[in-house]
Every structure is written in C-alpha cells, then in structure tokens.
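Working notes for the structure below.
The values are calculated or read from the model by the stated rules, or taken from the named source; none is laboratory data. Worth saying up front: this structure is predicted, and the values here are computed from it rather than measured. A quick note on method: Cβ atoms are made from the backbone with ideal geometry, for glycine too, and the neighbour counts reach across all protein chains shown.
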Amino acid sequence: MTQPSEAFGLGRTCALAVAGGRDLAKCAARYSGLFPEDSFDAGLYASLALAGAFGSPWATAETLRAINRSSLLVFAADRLIDEVATSRDEVAALVGDCLAAAGGAAPTSPITAFLADLRAELATAPRFAALEAGWRDQLELMLLAMAREWDWRQAGDKPTDEEYLANADSCGASFISVSHWIYTGLVDDPGDLGRLRAAGDRVQRYLRLLNDLATHQREAGFGDLNALALGMSPGEVTQRMAELSAEAVQAIEPLRSGHPRATEYLLFQIDYSTGFYGISDFWARGES
C-alpha cells in the first residue's frame with residue numbers, strides 16, 4: 001500500500017483548520033458583545049484554527065475544539081483587560097469572576113459563560129478531574145499576568161527585562177497548551193503535566209518576545225507593553241529568543257520519549273510562530 005503523500009497530509013490539515021475556523025465563528029456568535037468584528041474578524045478565527053491544526057495534524061476536528069476555543073478565550077480576556085477595563089476594580093472583578101466560573105460557579109457575563117462552556121467541554125476528558133487543578137492554576141497565572149501588565153501601564157512603571165519576561169503567562173500560550181493536552185489525553189498524570197508546563201514556560205517566553213518583535217509598531221498605538229518599548233534593542237530581543245529556544249529544547253528533550261506528541265507540539269510552536277509572525281498577525285485591530 002502506498003503511503004499518503006505530503007500534499008495529502010497538508011490538505012487534511014487545512015481541512016481541519018477550515019472546520020475549526022467555522023466552529024470558532026459559530027462559537028463567538030453565541031456570546032453577545034464578547035467578540036466585536038473590528039477586533040475579531042474571519043482572519044483571526046482562521047489564524048487560530050490554522051495554528052491548532054498544524055500543531056496537531058494527527059487530531060480530528062472534534063479534538064481540536066479545546067485548543068481553538070481556549071485560544072479564543074485568551075484573546076477575549078486580553079481585549080477586555082487591555083481595551084475595555086477602565087479601573088483596577090474592573091480588572092480585579094473580571095479576574096475573580098473568571099476564576100469563579102472556572103471553579104464551577106454560575107456565569108455572570110459573556111466571558112464567564114464562554115469560560116464555563118470551555119470548562120464543561122474539558123470536563124468530558126477522562127482525566128480532567130485529576131488534572132483540573134493544573135488547568136485552573138494556569139488560567140489564574142494568565143489572568144493575573146494580564147492584570148499585572150494593566151497595573152504597569154496605568155502606573156507608568158517599567159518592569160525590568162526579566163520581570164517582564166517572567167510575566168509571559170499574559171500571552172496565554174501555556175494555558176492553551178494545558179487545555180489541549182488535557183482534552184486530547186496527551187497527559188494523564190498531574191506530575192507529568194507539571195513537568196510539561198515547566199518546559200512550556202520557556203517556549204511561552206520565546207513567543208512573548210517573538211510577538212513583541214513582530215508587532216511593536218502596532219502595539220505602540222495601543223499603549224501595550226512591549227520589550228522594545230521597555231528599552232530592549234531588536235538585537236537584544238533576538239539574542240534572548242535564541243537563548244530561550246535553546247533552553248526550551250533542553251527542557252523538552254527528557255520528556256520526549258514519554259510524551260512525544262505533547263513535546264512535539266511545544267517544539268512546533270517555536271518554528272511555526274516564527275514563520276507566521278514573519279508575515280502576519282492574529283489581531284484584526286490596527287489594520288488598514
């Protein structure tokens with residue numbers, strides 16, 4: 001029997017992305033006002049679905065739901081904190097309400113309804129009960145990091161380069177990874193999840209700097225924090241990214257034999273995102 005060609009594999013993965021993008025558009029329509037069209041266009045849904053599909057081409061459209069929807073949740077939370085919240089009390093309330101919904105409380109807003117539905121989807125995974133604490137912890141890290149950046153901007157404080165990088169949970173990459181691993185059954189032990197999260201943090205820091213390098217001109221118009229705006233030169237950012245990439249590979253290597261697909265996903269993020277940001281961006285905002 002002949003093996004499927006490379007073109008066959010690419011075609012299948014693209015079909016997964018098309019299905020994922022359509023699902024995200026339908027999903028977004030269920031939460032009134034959470035995904036305004038000037039920020040969330042068809043290109044954003046397609047971009048998120050492409051990243052999910054190419055990162056796990058072995059998956060099905062159904063098993064990619066968690067990664068796609070958790071990615072969309074990150075963007076929703078980021079917009080609400082960056083662009084909508086006008087006071088520290090609003091930011092704190094958003095974080096508290098989201099954490100409550102993640103713990104099973106009744107939703108009180110469109111984003112908490114979305115989060116509650118995502119949690120319900122994840123709860124269908126056989127090992128969710130054992131891994132839920134890790135998922136909720138990663139969600140809290142992400143939301144608190146977003147809130148910390150809000151504080152820095154409002155106070156006019158400039159964190160040090162390492163303080164800024166240590167806050168990379170704000171980009172949500174690790175939250176997306178954890179949601180994906182749990183839903184697809186790539187991890188079933190809390191200890192293994194913790195080790196993968198630690199390795200993924202190096203990838204997340206790399207992605208934080210990559211995003212900054214690629215989008216600093218657009219973000220300057222929104223007042224977003226960015227490594228270049230904080231004083232790092234493009235050369236310094238590139239050098240730190242190279243160091244983080246090497247650190248990520250070193251941290252991932254011992255985990256590869258036990259978790260080949262989960263670690264392959266982490267390594268994929270570095271190269272895929274580098275190629276993607278060389279040409280485009282996820283957000284629709286700021287485009288002419």
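Remarks
- Among the residues of the stretch 209-229, just one is modelled with pLDDT of 90 or more, within 21 Å of G156 (Cβ to Cβ) and touching a Phe, Trp or Tyr at 6+ places or on another chain (Cβ under 8 Å), namely A227.
- Residue within the stretch 54-65 that is buried (at least 23 other Cβ atoms within 10 Å of the Cβ), part of a helix (DSSP H, G or I) and among the hydrophobic types (A, V, I, L, M, F, W, C) present: no
- Enumeration of residues in the stretch 232-248 that are of a type in the set (G, A, S), out of contact with any Lys or Arg (no Cβ under 6 Å at 6 or more places or on another chain) and crowded, with 16+ Cβ neighbours inside 10 Å: S245
- So R240, is it of a type outside the set (G, A, S), farther than 26 Å from A59 by Cα and in a helix (DSSP H, G or I): yes
- The stretch 89-112: number of residues that are closer than 23 Å to R153 by Cβ, more than 22 Å from the chain's Cα centre (by Cα) and surrounded by 13 or more Cβ atoms within 10 Å (Cβ to Cβ): 1
- Taking the criterion of being crowded, with 17+ Cβ neighbours inside 10 Å and either more than 24 Å from G55 (Cβ to Cβ) or aromatic (F, W, Y) (or both), the only residue of the stretch 153-165 that qualifies is Y164.
- Hits in the stretch 128-160 - residues which are among the small types (G, A, S), without any contact (Cβ under 8 Å) to a residue 24 or more places away in the chain and part of a helix (DSSP H, G or I): A129, A155
- The listed residue being under 17 Å from the mean Cα position of the chain (by Cα), in contact (Cβ under 8 Å) with a residue 24 or more places away in the chain and surrounded by fewer than 18 Cβ atoms within 10 Å (Cβ to Cβ), out of A214, A168, A198: A198
- The residues in the stretch 161-201 that are out of contact with any Leu (no Cβ under 8 Å at 6 or more places or on another chain), closer than 18 Å to Q269 by Cα and part of a helix (DSSP H, G or I) can be counted, and the count is 6.
- The set of residues from the stretch 118-127 being surrounded by 15 or more Cβ atoms within 10 Å (Cβ to Cβ) and without any contact (Cβ under 8 Å) to a residue 60 or more places away in the chain comprises just one member, R119.
- Here is the figure for the stretch 18-40: residues that are over 11 Å from R65 (Cα atoms), small (G, A, S) and surrounded by 14 or more Cβ atoms within 10 Å (Cβ to Cβ) total 3.
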